[in-house]
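Each remark here refers to the structure printed beneath this line.
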Amino acid sequence: MSDAGERHRRFASDFAALTRGVDDWEAPAPVPGWSARDVVDHLVGWFPGFLAAGDITLPAGPDVADDPVAAWQHQADAVQELIETRGEESFTHPRAGTHRLADAVDRFYTADVFMHTWDLARATGQEPDLDEDQAAAMLEGMHGIEEMLRSSGQYGAAVPVAPDAPVADRLMGFVGRDPAWRA
């Protein structure tokens, strides 16, 4: 299996474990106006449309409003199967360009799962336990495109974090989350 497939399997599994530990789906999340359920809904909601723009359809699953755990697991399984069976195919998205499908999933979706793992953990009083190497790689890659990321509206203003803080805290601060945030 490709590195992209392994990363997705690991980060989707970490996220799934957090979903199974949620006691209150309406608990506020670090993203202003979001609840724990909204974190799952975001990931389950936007990615099928991203793929559809490149003529790939994910099978519909349970509704997040009814069963966020099942909705997440269904999507995680469908995306894993997509990577494993079609990952070498070329994928063209009208705004994201052309990539190997597994790389597009990795760059645009798995990275989002990784970052929102922190959001769901914090919203629900669980430990995010983010992979430090992945956090460092993402942070390094984002620094070079900071202006584009901020102008996209997808990231808030950076939250100041000590330069010697854990790399996951620095990543969260970079994307506009307060590493000290607690529900």
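The values are calculated or read from the model by the stated rules, or taken from the named source; none is laboratory data. Computed from a prediction, not measured in an experiment: that's the story for all the values here. Glycine also receives a Cβ, built like all others from the backbone with ideal geometry; neighbour counts cover every protein chain displayed.
Scanning segment 152-173 for residues that are in contact with a Pro (Cβ under 9 Å, 6 or more places away or on another chain), free of Cβ contacts under 8 Å to residues at least 24 places away in the same chain and under 14 Å from Glu140 (Cα atoms) returns Asp169, Gly173.
Here Gly153 fulfils each of the conditions (1) on the phi > 0 side of the Ramachandran plot; (2) touching a Leu at 6+ places or on another chain (Cβ under 8 Å); (3) not charged (D, E, K, R) apart from (2). Exactly one residue out of Gly61, Gly33, Gly54 is over 17 Å from Arg122 (Cβ atoms) and surrounded by fewer than 18 Cβ atoms within 10 Å (Cβ to Cβ): that is Gly54. Is it fair to say Thr98 is of a type in the set (Ser, Thr, Tyr) and within 22 Å of Asp14 (Cβ to Cβ)? When the stated conditions are applied, Thr98 does not pass them. The test for being outside the structural domain of Asp24 (by TED's automatic domain parsing), over 29 Å from Ala17 (Cβ atoms) and assigned to a helix (DSSP H, G or I) does not hold for Arg170.
Does segment 87-94 contain at least one residue that is out of contact with any Leu (no Cβ under 6 Å at 6 or more places or on another chain), surrounded by 14 or more Cβ atoms within 10 Å (Cβ to Cβ) and not in a helix (DSSP H, G or I)? It would help to see each step written out before you state the result.
The first filter runs over segment 87-94 and keeps only residues out of contact with any Leu (no Cβ under 6 Å at 6 or more places or on another chain), leaving 88, 90, 92-94.
If we keep only those that are surrounded by 14 or more Cβ atoms within 10 Å (Cβ to Cβ) too, we end up with 93.
Next, from what is left, pick out any that are not in a helix (DSSP H, G or I): 93.
Yes, there is a match, as at least one residue in segment 87-94 is out of contact with any Leu (no Cβ under 6 Å at 6 or more places or on another chain), surrounded by 14 or more Cβ atoms within 10 Å (Cβ to Cβ) and not in a helix (DSSP H, G or I).
Name the single residue that is modelled with the lowest pLDDT among those in segment 79-95 being more than 11 Å from Ala4 (Cβ to Cβ) and among the β-branched types (Val, Ile, Thr). Looking at the filtered set, the residue picked out is Thr92. Filter segment 95-122 down to residues that are over 14 Å from the mean Cα position of the chain (by Cα) and closer than 18 Å to Leu149 by Cα and give me whichever is surrounded by the most Cβ atoms within 10 Å (Cβ to Cβ). Filtering segment 95-122 for residues that are over 14 Å from the mean Cα position of the chain (by Cα) and closer than 18 Å to Leu149 by Cα, the one surrounded by the most Cβ atoms within 10 Å (Cβ to Cβ) comes out as Ala96. Going through segment 99-117 one residue at a time, which ones are within 13 Å of Gln134 (Cβ to Cβ) and of a type in the set (Asp, Glu)? If the condition is that a residue be within 13 Å of Gln134 (Cβ to Cβ) and of a type in the set (Asp, Glu), then Asp106, Asp112 are the ones that fit. I'm trying to understand the selection: among the residues of segment 64-82, which are surrounded by fewer than 19 Cβ atoms within 10 Å (Cβ to Cβ) and in contact with a Phe, Trp or Tyr (Cβ under 8 Å, 6 or more places away or on another chain)? Once the filter is applied, which keeps residues that are surrounded by fewer than 19 Cβ atoms within 10 Å (Cβ to Cβ) and in contact with a Phe, Trp or Tyr (Cβ under 8 Å, 6 or more places away or on another chain), segment 64-82 yields nothing. Anything in segment 140-167 that is modelled with pLDDT under 95 and assigned to a helix (DSSP H, G or I)? List them, or say none. Passing the criteria: Glu140, Gly141, Met142, His143, Glu146, Glu147, Met148, Leu149, Arg150, Ser151. Within segment 137-151, the residues that satisfy the criterion of being under 16 Å from the mean Cα position of the chain (by Cα) and either under 25 Å from Ala36 (Cα atoms) or touching a residue at least 60 places away in the same chain (Cβ under 8 Å) (or both) are Met138, Leu139, Leu149.
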